[in-house]
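The structure appears right after this line, and notes come after that.
The values are calculated or read from the model by the stated rules, or taken from the named source; none is laboratory data. All values reported here derive from a predicted model rather than from experimental measurement. Cβ placement follows ideal geometry from the backbone for every residue including glycine, while neighbour counts extend to all protein chains displayed. Just the protein is used for accessible areas: all its heavy atoms, side chains included, with ligands, DNA and RNA removed. Shrake-Rupley method; radii C 1.70, N 1.55, O 1.52, S 1.80 Å.
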Amino acid sequence: MANILIMIKRTVKIKGNDIYISNGFFKREIELAHVFEFHVPMPAIRVFENKKLKREFNIDTLDSNPDLNGQFFHSSIRVLTNGAVMIDGIVSKDRTSYPDWKSKDYEAIRLQPFFLSSEEAENNKLVGAGLFQRGLHFSGTVTPLNVRAICICDNCKKSFTLQHFHAGFSEAQYFYSSDGKQTLYVSYEQIKDLPRQLQEAVHEEDLRLLENQLPKPTKGQGNYSYYNPLRCLHCCYAFIDFEQNKEIRHKEYYGNYFINQQLQKIGD
């Protein structure tokens, strides 16, 4: 046990809100529990690999909790044997305790997993991929609504924060606008022959007829379309690129929208 603790301390070190990982051959998974203390209203967590900045996650705040100064992030930091880094945790106003997912004050954050430089090819495989492939949602496990995901754009490398809803449980379909600024929510009963979640067979002609019935976005320009990508908030790069990866569209049964924004609904 003592040898494991020594290995963890040598591999993962934390200074303030910075995580330093010494890359190497990991013979076993490393998991470290750590409580971050925030000293600014909108902090950032940075991850370094061998002292080189690898990822920077800005902690965008909820309108209901806009100032994180003096609050704590009870986190789990994992480095897998394949070089993957996974970090998530719960925000709390207490250093020693935190609410669970049943609490109205539950506020959890999941940072987009990534691979260290030794496995950079695995990062490249995920460009344009869905959130399940990226390790932000997991099949067979429901992600609570109060868990938000901080993503890193494949193009500009800036972070942006997503909130979500389970479209399957909601019996609804979602559509992203052309410019990526809005998400449309449509209940199954509102439009005839609306594609269901996990429905594999979706015909192009049926989609054209369906999309002609959708409203225009109330912000920005363009249209709503079934295969429109989820785009980066900053540079509009296709983050979940459904246009190039149509085969994953039906599997992505969580609808996403940028933090603190409202879903557009028919009639808005």
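Looking at the stretch 183-224, which of its residues are open to solvent by less than 70 Å² (accessible area, probe 1.4 Å) and on the phi > 0 side of the Ramachandran plot?
Of everything in the stretch 183-224, those that are open to solvent by less than 70 Å² (accessible area, probe 1.4 Å) and on the phi > 0 side of the Ramachandran plot turn out to be Gly220, Gly222.
Identify all residues within the stretch 87-126 that are surrounded by fewer than 17 Cβ atoms within 10 Å (Cβ to Cβ) and over 24 Å from Lys52 (Cβ atoms); write none if there are none.
Of everything in the stretch 87-126, those that are surrounded by fewer than 17 Cβ atoms within 10 Å (Cβ to Cβ) and over 24 Å from Lys52 (Cβ atoms) turn out to be Lys93, Asp94, Arg95, Thr96, Ser97, Asp100, Trp101, Lys102, Ser103, Lys104, Asp105.
So is Leu68 open to solvent by less than 40 Å² (accessible area, probe 1.4 Å) and part of a loop (DSSP other than H, G, I, E, B) or not?
yes
Assess whether Val186 counts as being touching a strand residue (DSSP E or B) at 6+ places or on another chain (Cβ under 8 Å) and either outside any helix (DSSP H, G or I) or at pLDDT below 95 (or both).
yes
Would you mention how many residues in the stretch 36-65 are under 20 Å from Ile259 (Cβ atoms) and part of a strand (DSSP E or B)?
Number of matching residues: 10.
With the checklist (1) within 26 Å of Ile21 (Cα to Cα); (2) of a type outside the set (Val, Ile, Thr); (3) touching a residue at least 24 places away in the same chain (Cβ under 8 Å); (4) surrounded by 15 or more Cβ atoms within 10 Å (Cβ to Cβ) in hand, flag the one item Asp179 doesn't pass.
Condition (1) is where Asp179 drops out.
What is the number of the single condition among (1) in a loop (DSSP other than H, G, I, E, B); (2) over 26 Å from the mean Cα position of the chain (by Cα); (3) of a type in the set (A, V, I, L, M, F, W, C) that Leu210 does not meet?
It fails just one condition, (1).
For Asn65, are the conditions met, namely being modelled with pLDDT of 95 or more and polar (S, T, N, Q)? Before you say what the answer is, go through the steps one by one.
Details: modelled with pLDDT of 95 or more: yes; polar (S, T, N, Q): yes.
Judged against the criteria, Asn65 is a match.
Is it true that Lys54 is in contact with a Gly (Cβ under 8 Å, 6 or more places away or on another chain), at pLDDT 95 or above and among the charged types (D, E, K, R)?
Taking the combined requirement at face value, the residue does not satisfy it.
With the structure loaded, tell me whether Phe165 is surrounded by 12 or more Cβ atoms within 10 Å (Cβ to Cβ) and either touching a Lys or Arg at 6+ places or on another chain (Cβ under 7 Å) or not in a loop (DSSP other than H, G, I, E, B) (or both) or whether it fails that test. Give the derivation first.
Details: surrounded by 12 or more Cβ atoms within 10 Å (Cβ to Cβ): yes; either touching a Lys or Arg at 6+ places or on another chain (Cβ under 7 Å) or not in a loop (DSSP other than H, G, I, E, B) (or both): yes.
Against the criterion (surrounded by 12 or more Cβ atoms within 10 Å (Cβ to Cβ) and either touching a Lys or Arg at 6+ places or on another chain (Cβ under 7 Å) or not in a loop (DSSP other than H, G, I, E, B) (or both)), Phe165 qualifies.
In the stretch 225-259, how many are closer than 10 Å to Ser177 by Cα, in a strand (DSSP E or B) and open to solvent by less than 10 Å² (accessible area, probe 1.4 Å)?
Of the residues in the stretch 225-259, 1 are closer than 10 Å to Ser177 by Cα, in a strand (DSSP E or B) and open to solvent by less than 10 Å² (accessible area, probe 1.4 Å).
Give the stretch 85-119 a look and list any residue that's modelled with pLDDT of 95 or more and among the small types (Gly, Ala, Ser), or say none.
If the condition is that a residue be modelled with pLDDT of 95 or more and among the small types (Gly, Ala, Ser), then Gly89, Ser92, Ser97, Ala108 are the ones that fit.
Does the stretch 98-108 contain at least one residue that is within 26 Å of Phe169 (Cβ to Cβ), of a type in the set (S, T, N, Q) and touching a residue at least 24 places away in the same chain (Cβ under 8 Å)?
Checked against the condition, which is being within 26 Å of Phe169 (Cβ to Cβ), of a type in the set (S, T, N, Q) and touching a residue at least 24 places away in the same chain (Cβ under 8 Å), the stretch 98-108 yields no hits at all.
Which number in (1) open to solvent by less than 10 Å² (accessible area, probe 1.4 Å); (2) small (Gly, Ala, Ser); (3) more than 30 Å from Ile87 (Cβ to Cβ) marks the one condition that Ala129 misses?
(3)
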